[in-house]
Amino acid sequence: MTTPPPAGPGAPAGSQASLRLSRLLKRPVTDRGGGSLGRLADVIVRLRGADYPLVTGLVAAVGGREIFVPIDQVSSFDGDPLRLSSARLSLRHFGRRDGEVLLRADVLGHRLIDVPNARLLRAADLVLARVPGLPPPRPDDLPPSRDDNFPAEWVVAGVDTSPRRMFGLRAPQTPAGRGGARDWHDFEWLIGHVGSALLRGPFARIRRLKPAQIADLLESASAEEETEILGRVRADPELEADVFEELDDDLATRLLGARTDFEIAEVLARMRADDAADAIAELPQQRRQPVLDLLPPGPRQKVLTLMGFASASAGGLMGVDFIALPGMVTVRGTLARVRESPLLQPEALTSVHAVDEDGCLRGVARLVTLVQADPDAALIEVCDTDPVRVGADTDITEVAVLMTDYNLITIPVVDDANRLLGVITVDDVLEIALPPDWRRREAAPHQPPL
């Protein structure tokens, strides 16, 4: 028995009927005369990129073996029983082909990435929908005749992640849209078999997520899911570095430790210097120097500088990428320098530092002040010439107190001669101030884009 598809997410536009996989499995399969053959064991689909997966066949349990039934030999896919239209049926044991996905074996009961909410959920059920058939390719791109009648096709249209109670009763609705069927395209699924990897694409829907969200997924992933997620992220080296910056120290150390020294250096070279320094400090002693030696000269020097400070001090917390200019540079020239620094951490670009010829700090100007100032004014004229600053050995708790008291987004770190060494940003302080297990919290629901 079929039911009308739900409105909105859960079924594609134009669908004519829908049914749940859980109600389809184990249905009896009969020949066209009604004689019993066996029961439905699984449903086979083929991936089609951005389109909904197409049902191409069934796996039927017949006489103690599983056999393949092409979908075009099924006259009543949504009937009970499932009636075949062909008198011939191969009794050879079913063998999966490359690219084929089995809905019960590969998807149902397995965890998926809920992309809009950036969390891992389990597929409790799947929604299949019947859609109008598409015409086959025609020579010379001739349009189809209006008399053509193409048979309807079945596709995987939705996923139900509602928790289930015993005896098939549905549990109450849960927050963040977990309840009920949702559109298939809201999810990235981890089936873990090589045959469909190329069809799923190198990034798939994971590329929609922010690095912090991917890090949250890795924190809650199983070993198999972790491998799948990292395998896709690794195809984008910049994204991979951003994700490692967001990971819990223990997890980042374990994941990096499983790689070669060269592979570790490749990741660290793209990370912020302060995060790279922390990552190297967490590696086993015998691996630190080989990894350092493999870093490019620029990142290596920055990392070595930061490793010379205690981790619980301002020097160990600061970043060494910032903008420092002579005080007589114009505001117009200062803003041009900001525009030319897209690779700097955005938080570090909220302030510009005026220095003298010896690199001594003479003032700090906030970006909003620069935007509002006369473009021809000198940088030093719009600076706070007595900025709050800290020494490299300042305790990080004192740094946090100062930034809170003075409502600072960044705070400069100087040496005994007032030479500018680095900058601490508010996100670095927040990470230190939060409880040690903050990364293992339940992630807040992610609002979908407007």
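The values are calculated or read from the model by the stated rules, or taken from the named source; none is laboratory data. Quantities reported herein were computed from a predicted structural model and do not represent experimental measurements. Glycine gets a Cβ as well: all are built from the backbone with ideal geometry, and neighbour counts include every protein chain shown. Remember, those area values only see protein heavy atoms, side chains included, never the ligands or the DNA or RNA. Shrake-Rupley method; radii C 1.70, N 1.55, O 1.52, S 1.80 Å.
Brief remarks on what is shown
Every residue, every condition in (1) touching a residue at least 40 places away in the same chain (Cβ under 8 Å); (2) acidic (Asp, Glu); (3) open to solvent by 20 Å² or more (accessible area, probe 1.4 Å), yes or no:
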| site | (1), (2), (3) |
| --- | --- |
| Ser75 | yes, no, yes |
| Asp80 | yes, yes, yes |
| Leu84 | yes, no, no |
| His93 | no, no, yes |
| Gly99 | yes, no, no |
| Ile113 | yes, no, no |
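- Any hit, segment 210-219, residues being loosely packed, with under 15 Cβ neighbours inside 10 Å and either outside any helix (DSSP H, G or I) or within 11 Å of the chain's Cα centre (by Cα) (or both): yes
- Meets criteria (β-branched (Val, Ile, Thr), surrounded by 16 or more Cβ atoms within 10 Å (Cβ to Cβ) and in a helix (DSSP H, G or I)) for Thr369: no
- Answer from Val331, Val355 - the residue that is open to solvent by less than 20 Å² (accessible area, probe 1.4 Å) and touching a residue at least 40 places away in the same chain (Cβ under 8 Å): Val331
- Selection within segment 337-352: residues that are among the polar types (S, T, N, Q), out of contact with any helix residue (DSSP H, G or I) (no Cβ under 6 Å at 6 or more places or on another chain) and under 18 Å from Ile411 (Cα atoms). The member of this set that is least open to solvent (accessible area, probe 1.4 Å) is Ser351.
- Considering Pro70, Pro116, the condition of being modelled with pLDDT of 85 or more and out of contact with any Gly (no Cβ under 7 Å at 6 or more places or on another chain) is satisfied by Pro116 alone.
- Tally of residues being part of a helix (DSSP H, G or I) and either over 19 Å from Val426 (Cα atoms) or hydrophobic (A, V, I, L, M, F, W, C) (or both) across segment 377-400: 7
- Any hit, segment 244-252, residues being in contact (Cβ under 8 Å) with a residue 60 or more places away in the chain and aromatic (Phe, Trp, Tyr): no
- Unmet criterion (only one of (1) among the acidic types (Asp, Glu); (2) part of a loop (DSSP other than H, G, I, E, B); (3) closer than 22 Å to Arg389 by Cα) for Asp374: (3)
- Single match in Glu238, Glu245, Glu226 (criterion: in contact with an Asp or Glu (Cβ under 6 Å, 6 or more places away or on another chain), open to solvent by 10 Å² or more (accessible area, probe 1.4 Å), of a type outside the set (Lys, Arg) and modelled with pLDDT under 95): Glu245
- Residue within segment 319-328 that is modelled with pLDDT of 95 or more, assigned to a helix (DSSP H, G or I), more than 25 Å from Ala241 (Cβ to Cβ) and open to solvent by less than 40 Å² (accessible area, probe 1.4 Å) present: no
- Meets criteria (surrounded by 17 or more Cβ atoms within 10 Å (Cβ to Cβ) and hydroxyl-bearing (Ser, Thr, Tyr)) for Ser311: no
- Close pairs (6 angstrom Cβ cut-off, 6 or more residues apart or separate chains): more than 19 Å from Ala310 (Cβ to Cβ) and open to solvent by less than 40 Å² (accessible area, probe 1.4 Å) in segment 395-421, polar (S, T, N, Q) and assigned to a strand (DSSP E or B) anywhere: Thr410/Ser351; Thr410/Thr425
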